[in-house]
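Asks: Just passing along the structure, written as structure tokens.
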């Protein structure tokens with residue numbers, strides 16, 4: 001799904017408004033939250049609705065420390081901070097170009113004291129941070145297995161969409177090891193991977209607490225699932241009412257507008 005609502009490219013702005021350098025093919029997009037902006041390159045990979053919905057779904061205390069695994073251009077830390085969800089954020093990603101844009105977006109919004117961006121393979125994260133050191137871990141991981149229609153394993157889009165560098169089980173294992181006992185884990189994924197997701201969460205002692213399905217239309221099957229789990233939590237699951245994106249062709253439901261802040 002596109003990220004076409006609540007996001008507005010900054011066009012023909014005076015050069016002095018750009019507080020950081022823009023590189024070839026990059027643009028600055030408005031996030032409609034506290035005046036925050038993000039640097040993106042549409043020729044590589046721009047964030048989508050899934051990241052925005054995950055940030056809206058995540059129930060995070062203001063004082064929480066948050067790790068975003070696979071942060072991309074840093075969209076989730078930016079949105080969470082704008083919504084006053086969490087106090088300190090670390091975003092990690094393996095792609096150099098995405099990390100570079102994320103760091104400059106943090107500078108653009110003067111959030112260097114709150115958001116820290118690190119280039120790292122998520123499989124190395126347990127060596128970078130103490131175990132059980134975060135109140136919350138969030139992730140919008142690659143949805144497809146490494147060989148599911150993969151064409152170019154070196155492209156930015158392939159790495160963002162396919163499990164090139166780590167499997168789903170490895171993503172969840174790392175999250176479990178880094179979140180505190182009783183801490184929260186939030187993920188957005190595809191419903192067709194639910195069996196794999198539930199198996200991995202159970203294996204790594206993350207107990208599912210909330211599930212929310214996202215449907216493009218009321219009469220269409222779900223194409224996204226939002227999940228909250230707690231490390232070593234009690235077994236009690238709430239299945240929330242589904243989120244319907246469109247009420248008519250190109251017409252979003254009010255809840256979508258609320259999430260975007262548009």
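The values are calculated or read from the model by the stated rules, or taken from the named source; none is laboratory data. Since we're looking at a predicted model, the values are computed, not measured. For neighbour counting, all protein chains shown are included, and Cβ atoms are generated from backbone atoms with ideal geometry for every residue, glycine included.
A quick yes/no check of all residues on (1) within 28 Å of residue 244 (Cα to Cα); (2) at pLDDT 95 or above; (3) in contact with a strand residue (DSSP E or B) (Cβ under 6 Å, 6 or more places away or on another chain):
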site	(1), (2), (3)
2	yes, no, no
69	yes, yes, yes
79	yes, yes, no
87	no, yes, no
94	no, no, no
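Asks: Right, something else. Answer yes or no: is there a residue in the stretch 33-43 that is in a helix (DSSP H, G or I) and at negative phi.
Replies: No, that holds for no residue.
Asks: Can we say residue 157 is closer than 30 Å to residue 127 by Cβ and modelled with pLDDT of 95 or more?
Replies: Taking the combined requirement at face value, the residue does not satisfy it.
Asks: Another question about this same structure. Could you grab me the full set of residues in the stretch 221-262 that are in a loop (DSSP other than H, G, I, E, B) and closer than 13 Å to residue 57 by Cβ?
Replies: Hits for the stretch 221-262 are 240, 241, 242.
Asks: Now for a different question. For the stretch 101-147, give me each residue that is in a helix (DSSP H, G or I) and touching a strand residue (DSSP E or B) at 6+ places or on another chain (Cβ under 9 Å).
Replies: 101, 102, 103, 104, 105, 106, 108, 122, 124, 125, 128
Asks: While we're looking at this one, here's another question. Restricting the search to the stretch 57-72, which residues are buried (at least 22 other Cβ atoms within 10 Å of the Cβ) and closer than 20 Å to residue 261 by Cα?
Replies: 58
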